[in-house]
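Novice: Please see the structure below; I have some questions.
The values are calculated or read from the model by the stated rules, or taken from the named source; none is laboratory data. As the structure is a prediction and not an experimental result, all values here were calculated from the model. Here the Cβ is made from the backbone with ideal geometry for all residues, glycine too, and neighbour counts use every protein chain on show.
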């Protein structure tokens, strides 16, 4: 079974590597990292790099396509026609197409999530509606063959669920144990719906500070938010 993980400059590394660590511990799964052009990919932290051995021109089908998210670089990807056309092409061949964090916004930009529920990171989740998807604040959302996961760490949960669907519960449990994934966080602040207001504001400041490092993409995101607000006003 061939699994393609699309990677790109500025992505959040754990969005790709978290699911990868689950998937690589399952027999019979052939995993490839694919980028627009093969070569070195730099994470949004600018500290971690990963080598992509395949460019999108070399890959025309997959059983599973996984699209990770990013702090701000997803804005560039969701506007790249070559990337979006390739995603649609691969999606037409998949058993499952899955996303982590803002990867769902990239997928939504292709049009395949129109009128479908989807989730994303809590901060930009409403941008999904710009492409006709239905933003849903859940950790994992399943709509037919599509699985969308919320922010970053939710990708691990999504990958475990994906393995259970593809290979069965035992393989999913074994992969989970292989990375000793047994989360018991010190604080219960990991859910936007239950986090305190001041914690949300602090987290927003952290995220926006990171996003502003790429000023051009930050301006594009602000414009998208403005457009979304105008649309919401017009519909009210």
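Novice: Just checking, does the stretch 163-183 include any residue being under 25 Å from residue 204 (Cα atoms), at pLDDT 95 or above and in a helix (DSSP H, G or I)?
Specialist: no
Novice: Just to confirm my filter: which strands (runs of 3 or more DSSP E) fall fully inside the stretch 6-58 and include at least 3 residues that are more than 20 Å from residue 96 (Cα to Cα) and out of contact with any helix residue (DSSP H, G or I) (no Cβ under 6 Å at 6 or more places or on another chain)? Write out each step before concluding.
Specialist: Working: elements: 30-35, 39-42, 49-52.
Where strands (runs of 3 or more DSSP E) fall fully within the stretch 6-58 and carry at least 3 residues being more than 20 Å from residue 96 (Cα to Cα) and out of contact with any helix residue (DSSP H, G or I) (no Cβ under 6 Å at 6 or more places or on another chain), they are 39-42, 49-52.
Novice: Restricting attention to the stretch 130-166, which residues are touching a strand residue (DSSP E or B) at 6+ places or on another chain (Cβ under 6 Å) and farther than 21 Å from residue 64 by Cβ?
Specialist: The answer is 134, 136.
Novice: Could you check the stretch 149-180 and list, in sequence order, the residues that are out of contact with any helix residue (DSSP H, G or I) (no Cβ under 6 Å at 6 or more places or on another chain) and farther than 16 Å from residue 139 by Cα?
Specialist: Correct list: 165, 166, 167, 168, 169, 170, 173, 174, 177, 178, 180.
Novice: Would you call residue 72 touching a residue at least 40 places away in the same chain (Cβ under 8 Å), in a helix (DSSP H, G or I) and crowded, with 17+ Cβ neighbours inside 10 Å?
Specialist: So residue 72 does not fit the description; no.
Novice: Under 6 Å between Cβ atoms, at least 6 apart or on separate chains: pull out the pairs that start in the stretch 117-145 with a residue that is at positive phi and free of Cβ contacts under 8 Å to residues at least 12 places away in the same chain and end on any residue that is buried (at least 16 other Cβ atoms within 10 Å of the Cβ) and outside any loop (DSSP other than H, G, I, E, B).
Specialist: Qualifying pairs under 6 Å: none.
Novice: Can you find a residue in the stretch 185-201 that is under 19 Å from the mean Cα position of the chain (by Cα), over 18 Å from residue 126 (Cα atoms) and at pLDDT 60 or above?
Specialist: yes
Novice: To continue, here is another question. Keeping to the stretch 1-19, report how many residues are surrounded by fewer than 23 Cβ atoms within 10 Å (Cβ to Cβ) and either without any contact (Cβ under 8 Å) to a residue 24 or more places away in the chain or within 18 Å of residue 180 (Cα to Cα) (or both).
Specialist: 2
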